[in-house]
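In what follows, a single structure is set out as structure tokens and then discussed.
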Amino acid sequence: MHNQTVVNRLPRNVIVWLAIGILALVASSMLPAGFFSWLWDRLNVFATVFLGIFVEAVPYLLLGTFASGLVEVFVDRDQMSRWVSRRPAAAAISGAFMGMIFPVCECGVVPLTRRLFKKGLPLSAGISFLLAAPVLNPIVVLSTASAFGWGEMLFWRFAVSLVIAVVVGLVFSVQKEAGEVLRPVLAGEEHDHVHAEPGDSIPEKIRKALLITVDEFFDMGRYLILGSMLAAGLQTFISQSSLLAIGSGPVLSVLIMLLLAILLSICSTVDSFVALGFVGTFSFGSVLSFLVFGPMVDIKSVMMYLQVFKRRAVMYIVAIPFMMSLLAGLVFNYFVK
Amino acid sequence: MPQRMFRSFQGLLLLGLFVFFVSKVVNGQLTWYINSRFVPLTIIGILFLAILAQTVFSEIRRSRQHALEHPEHHHEHDHSPSAGNLWIMLIPLLIGVLIPARPLDSSAFETKGFNTSAPLISSDSSAQIFETESEERNILDWLKLFNYEEDVTQFVGQKASVVGFVYFDEALGSDQFYVSRFVVSCCSADGFAIAIPVRWDASVGLEQDSWVVVKGTIESTALDGNRVPMIAAESVEAVDVPDQPYLFP
């Protein structure tokens with residue numbers, strides 16, 4: 001009887017596919033000439049942009065997941081609670097400056113933060129680390145300085161990022177129940193495939209750290225890939241040049257820059273060189289908001305956030321920096337420059 | 001999926017990524033995707049991928065040995081990891097293999113647009129560009145100079161020799177075309193195109209997106225109200241795609 005249903009189903013499938021094929025042929029003959037070469041061109045741009053983001057991000061993701069593996073095997077929960085203050089304000093501020101020790105950008109920071117949470121890092125410290133580390137680290141200081149010089153842009157970029165990171169960290173310190181914010185993987189319900197034991201020898205620890213790196217690389221990598229595909233897809237079909245063309249006026253220009261920060265999904269280590277290209281046409285405030293908001297939120301980082309935090313929490317992590325970056329941009333546009 | 005099969009799948013994917021990256025380094029296409037200054041970082045990443053693949057394969061050997069020595073513990077891993085999402089890692093490999101690699105060209109202008117001016121970054125002094133022989137300057141250098149200097153008449157009449165791809169724009173006359181390059185700070189995602197108009201009588205014989213070296217003298221012209229350089233070409237010759245198709249600011 002089972003066999004019979006398979007036999008019955010087969011021709012129906014063939015008919016459906018034939019119908020789809022014929023429809024596709026008819027539809028393609030009605031398309032304007034040159035449509036397929038246009039589509040092929042778009043596909044090529046998509047492939048080049050997607051692989052660009054991916055190739056660029058892989059070393060950083062490896063760095064972040066390896067850091068996470070090392071934290072898993074070398075840091076225990078007691079040490080963590082000795083290092084980091086439980087007072088919300090102190091925790092948020094120290095979290096924001098932790099990026100100076102862990103030079104990771106937005107791809108690497110997510111797995112590392114997730115691991116630190118597992119080790120008992122307070123929520124407020126972890127959130128401000130997550131948001132600040134991609135900017136407040138030595139590599140980004142140097143790249144921003146080499147693009148803009150040791151001047152106002154550098155200072156304000158770091159000051160505003162620091163304030164936003166600490167504020168969001170404090171907002172989360174109100175939530176005492178980590179399980180309300182973090183996805184269950186972190187609350188200890190689900191386990192890793194690899195377990196660190198306190199008595200492991202150093203080579204054994206390294207072996208385990210590397211296996212954790214592999215697991216996390218695949219775990220986070222798939223969201224990096226989906227995020228990069230989305231970003232590349234948007235870049236292939238949404239015209240940045242017309243976006244930039246409508247972006248004048250003190251409010252609209254900031255909004256456009258924020259939108260572009262999400263759309264471009266570029267690594268914080270080099271975004272200042274890209275931002276420099278907007279200096280001529282965009283005001284100080286809007287470029288600043290691009291530099292502050294871009295490292296905190298873009299398509300691929302939001303995809304990765306969703307693996308660590310519950311949806312509601314991600315909404316806050318995206319919305320508060322968005323509004324504060326917008327506010328910072330507007331303040332500069334109206335009152336300073 | 002049993003633990004060992006899951007690990008094998010992981011190992012193969014890591015190996016696949018390793019081969020993909022190595023092939024891009026070997027055929028010189030890595031700079032079609034990223035700024036050349038990140039190449040060393042990518043190489044470190046490649047070595048690390050190899051270490052990870054090795055770790056996974058030796059883990060598989062270990063667990064096989066373990067199963068042989070302790071058959072009674074065969075079901076040690078009752079939580080079977082799901083491989084459901086590992087396959088996503090295949091996407092970049094498939095895209096890399098199935099879609100022939102091509103650096104950004106004028107087909108990206110549709111969404112990315114192009115510029116006829118370029119900003120000076122604070123770490124390069126214009127003095128440096130002044131000192132380079134005029135024929136050594138690339139498209140980016142010329143645009144920076146014209147953007148930075150108030151008085152551009154000093155450049156008029158200088159010899160220029162630039163490499164780029166051909167782009168025909170409806171706004172230009174039939175004896176003109178743009179010679180363009182993409183400027184990439186980080187990766188192809190942030191690439192933006194820059195272009196210098198070229199006057200060349202035989203323009204119609206050129207092909208869109210073909211790579212050329214343009215030799216001639218610099219003129220100054222107005223485009224949309226901006227002062228931009230223009231090259232009055234004496235020769236336009238076809239060249240191969242340069243090793244580094246993009247310019248790096």
Placed amide H near A:A196: partners under 5 Å, 5+ positions off or other chain: none
Net length gained if the chain between B:Q128 and B:T153 were fully extended (0.36 nm per residue, minus Cα distance): 7.1 nm
Filtered chymotrypsin sites (Phe, Trp or Tyr not before Pro), region A:147-186: DSSP coil and at most 14 other beta carbons within 10 Å: A:W150
Residue with peak Gaussian network fluctuation, chain A [Cα springs, cutoff 10 Å], from A:V110, A:V171, A:V297: A:V171
Shielding by partners, peptide B:36-44 (average Cβ within 10 angstrom, other chains): 3
Rounded FRET efficiency, nearest 0.05, which uses the C-beta distance separating A:D200 from A:V16 and R0 of 51 Å: 0.35
Top of A:P321, A:P203, A:P250 by mean-square fluctuation, Gaussian network on chain A, Cα under 10 Å: A:P203
Distance between modelled label sites at B:D169 and B:S58, nm, 7 Å Cα→Cβ extension: 5.8 nm
Amide H within-cut-off set for A:F309, under 5 Å, with H built and near neighbours excluded: A:R183
Net lengthening on full extension, A:L25/A:A145 (0.36 nm per residue, minus Cα-Cα): 37.6 nm
Length-normalised contact order of chain B in % [C-alpha pairs under 8 Å, at least 6 apart]: 20 percent
Largest to smallest principal axis extent of the C-alpha atoms in the protein assembly as shown, angstrom: 85, 68, 41
For a label point 7 Å along the Cα-to-beta-carbon line of A:Q79, residues of region A:57-73 with backbone N under 14 Å: A:67-73
Amide H contacts under 5 Å for B:C187, placed H, 5+ residues apart: B:N35
Under the Karplus curve 6.51 cos²θ - 1.76 cosθ + 1.60, θ = phi - 60°, whole-Hz ³J(HN,Hα) for region A:194-211, x wherever Gly or Pro sits: 10, 10, 7, 10, x, x, 4, 6, 4, x, 5, 5, 4, 4, 5, 4, 5, 5
Neighbour-limited loop hits for GluC sites (Glu not before Pro), region B:151-249 (at most 16 other Cβ within 10 Å; DSSP other than H, G, I, E, B): B:E170, B:E207
Fluctuation leader among A:L142, A:L43, A:L288 - chain A, Gaussian network, Cα springs under 10 angstrom: A:L43
Inter-chain shielding of B:16-26 (mean C-beta neighbours from other protein chains, 10 Å cut-off): 1
FRET efficiency for B:M5 and B:D224, using Cβ-Cβ distance with R0 set to 41 Å, rounded to 0.05: 0.10
Karplus-derived HN-Hα couplings along region A:135-151 (A = 6.51, B = -1.76, C = 1.60, θ = phi - 60°), whole Hz, x at Gly and Pro: 10, 7, 9, x, 5, 6, 4, 5, 5, 5, 5, 6, 7, 10, x, 7, x
Shielding by other protein chains, B:86-95, mean Cβ within 10 Å: 5
Contour minus Cα-Cα distance for A:R311 and A:L39 (0.36 nm per residue): 94.4 nm
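A short reminder: the numbers here are calculations on the coordinates, not readings from a lab. Fair warning: this is a prediction, and the values are worked out from it, not measured in the lab. All Cβ positions, even for glycine, are placed from backbone atoms using ideal geometry, and neighbour counts span all protein chains on display.
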